[in-house]
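Peer 1: This is the structure, below, for whatever I ask next.
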Amino acid sequence: MTYAIQAEGLEKRFGETQALAGVSLTADAGTVLGVLGPNGAGKTTMTRILATLIEPTAGHAKVSGYDVVKEAHQVRQLIGLTGQYAGVDEMLTGTENLVMIGRLLGLPRSGSKARARELLERFDLTDAAERPAKTYSGGMRRRLDLAASLVGRPQILFLDEPTTGLDPRSRTGLWDIVRGLTSDGVTVLLTTQYLEEADQLADDIIVIDRGQAIAHGTSDELKAQVGGQILEVRPVNDADQVTVARIAGELAGTEPELREGLISVAITDPAIMPAMVRRLDETGVVLAELAMRKSSLDEVFFALTGQHTDDIDAEADKLAKAAKKEEAAA
C-alpha cells in the first residue's frame, strides 16, 4: 500500500540540539493528519523535512511513494506548503502574487491569470484582488497565502500552524477551506497547537513532544486517555476546597487538580456530575461554579507527558535558535 505521506524513524539534529528523535507516521490519501504538540515539539522541523526544505539526520520519508531526499524534485511537483507566517509579497496585489507563482511554476500567462481569478474567488478575495497585500487583514493574508500554495493544484498540502494569531471567525473560515480541499481529494498534513482545530479537521492525530511521537489516534481516542471530559467545581468558601477535591477524587477515581480555587478532574461517566452535586449538598458545601467540558490540549498533553505546555516554551526558543544557526552556516 502506498500512503500519501509516510515517515519512519525521522531524526534531525541542529548541532547539539535534537529536534526530532525518531518520528514515524502515515497518512492516507484524501485525509487530514493532525500533528499536535506545543511550541518546540518538532512539528515545523518534521514538516520542513517532508516538504524537502531540509534533510533528516536519520530515518526516511516518502510522499506519494517518492523519497523526500532522493526524489525531492518529484515530491515538489506534488505538494503545497503554507507556513506559520504569510509568505506573500506585501507590495504586490493579490492577483499579482498568484500570477507570479503561476509563472514560476511554468504556467502560461493566460493560465496563471485564470488560476489567480479562480482562487481569489474561491477564497473570497475578489474584491481585494487589485489591492496590495499589505492592506489585507491578517485573515485575508492567510487566505491569500493558502491560495498561493494551491496555484499548482497540489495533491498533498502541508499546513504548518496556519491559524496561529487569527481571530475565531478567520480561523473558522480556514477550517471550511480545508474541508473543501479534502473533499476534492487533497491530502492535508496540519500541524497545530489547538486540540479544537485537530478535533474539527483531523481524521487521525499524532501527538509530538520533544521530537518524539508520544500518542496516536483519533481525537476521541486521545481525549479518552484523560477521561474525555473535565468536571470543574469552585466552592464559595475557600475552606471547602479540600472537601470538594476529596469528593471529586473519590467519584472520578483519579487525582483532581487545584488551580486558583478551581478543582478540575477528568471523568469518563457523565453521571458523576449529579453525584457530585448530591455529595456536596449532603456535606453542606455551597458552590460558586460547576461545569463540565471537553478536555483541552493542555490537559491531554499533561496526561501524556506530565507537564503543561507553558513549561516547555523555553525548548521552543532553544530549538529555533539552533535551527537558525545551522541555516546561517549553510
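Peer 1: Give, as residue ranges, the strands (runs of 3 or more DSSP E) completely inside the stretch 1-83 that count at least 3 residues that are β-branched (Val, Ile, Thr) and either in contact with a helix residue (DSSP H, G or I) (Cβ under 8 Å, 6 or more places away or on another chain) or surrounded by fewer than 22 Cβ atoms within 10 Å (Cβ to Cβ) (or both).
Peer 2: Values: elements: 5-14, 17-27, 32-36, 58-63, 79-82.
Where strands (runs of 3 or more DSSP E) fall fully within the stretch 1-83 and carry at least 3 residues being β-branched (Val, Ile, Thr) and either in contact with a helix residue (DSSP H, G or I) (Cβ under 8 Å, 6 or more places away or on another chain) or surrounded by fewer than 22 Cβ atoms within 10 Å (Cβ to Cβ) (or both), they are 17-27.
Peer 1: For residues that are open to solvent by less than 50 Å² (accessible area, probe 1.4 Å), part of a helix (DSSP H, G or I) and in contact with a helix residue (DSSP H, G or I) (Cβ under 6 Å, 6 or more places away or on another chain), tally how many sit in the stretch 199-230.
Peer 2: Total satisfying the criteria: 3.
Peer 1: Which of (1) of a type in the set (D, E, K, R); (2) modelled with pLDDT of 65 or more; (3) over 19 Å from residue 229 (Cα atoms); (4) surrounded by 12 or more Cβ atoms within 10 Å (Cβ to Cβ) is the odd one out, the single condition residue 289 does not satisfy?
Peer 2: Unmet condition: (3).
Peer 1: I would also like to ask the following. Over 28 Å from residue 302 (Cα atoms) and modelled with pLDDT under 95 - does that describe any residue in the stretch 7-21? Please lay out each step first, then the result.
Peer 2: So the first thing to find is which residues in the stretch 7-21 are over 28 Å from residue 302 (Cα atoms), and the list is 15.
With modelled with pLDDT under 95 added as a condition, the list becomes 15.
Yes, the stretch 7-21 contains a residue that is over 28 Å from residue 302 (Cα atoms) and modelled with pLDDT under 95.
Peer 1: Taking residue 131 as meeting all but one of (1) free of Cβ contacts under 8 Å to residues at least 24 places away in the same chain; (2) more than 29 Å from the chain's Cα centre (by Cα), write down the number of the exception.
Peer 2: Of everything listed in (1) free of Cβ contacts under 8 Å to residues at least 24 places away in the same chain; (2) more than 29 Å from the chain's Cα centre (by Cα), residue 131 misses just condition (1).
Peer 1: Being of a type in the set (A, V, I, L, M), in contact with an Asp or Glu (Cβ under 9 Å, 6 or more places away or on another chain) and crowded, with 18+ Cβ neighbours inside 10 Å is the filter here, so list the residues in the stretch 255-286 that pass it.
Peer 2: 263, 265, 266, 280, 285
Peer 1: A follow-up question, please. What is the one condition in (1) touching a Ser or Thr at 6+ places or on another chain (Cβ under 7 Å); (2) surrounded by fewer than 18 Cβ atoms within 10 Å (Cβ to Cβ); (3) on the phi > 0 side of the Ramachandran plot that residue 155 does not satisfy?
Peer 2: Answer for residue 155: the failing condition is (3).
Peer 1: Right, next: Which residues, counting only those in the stretch 179-189, are open to solvent by 10 Å² or more (accessible area, probe 1.4 Å) and either among the aliphatic types (A, V, I, L, M) or at pLDDT below 85 (or both)?
Peer 2: Start the filter on the stretch 179-189 by keeping residues that are open to solvent by 10 Å² or more (accessible area, probe 1.4 Å), which leaves 179-180, 182-186.
Within the stretch 179-189, just 186 meets the criteria.
Peer 1: Which condition breaks for residue 243 when tested against (1) assigned to a helix (DSSP H, G or I); (2) closer than 26 Å to residue 300 by Cβ; (3) of a type in the set (S, T, N, Q)?
Peer 2: (2)
The values are calculated or read from the model by the stated rules, or taken from the named source; none is laboratory data. These numbers come from a predicted model, not from an experiment. Cβ sites come from the backbone with ideal geometry, for glycine too, and all protein chains shown count toward neighbours. These area figures cover heavy atoms from the full protein model, side chains too; ligands, DNA and RNA do not enter into them. Shrake-Rupley method; radii C 1.70, N 1.55, O 1.52, S 1.80 Å.
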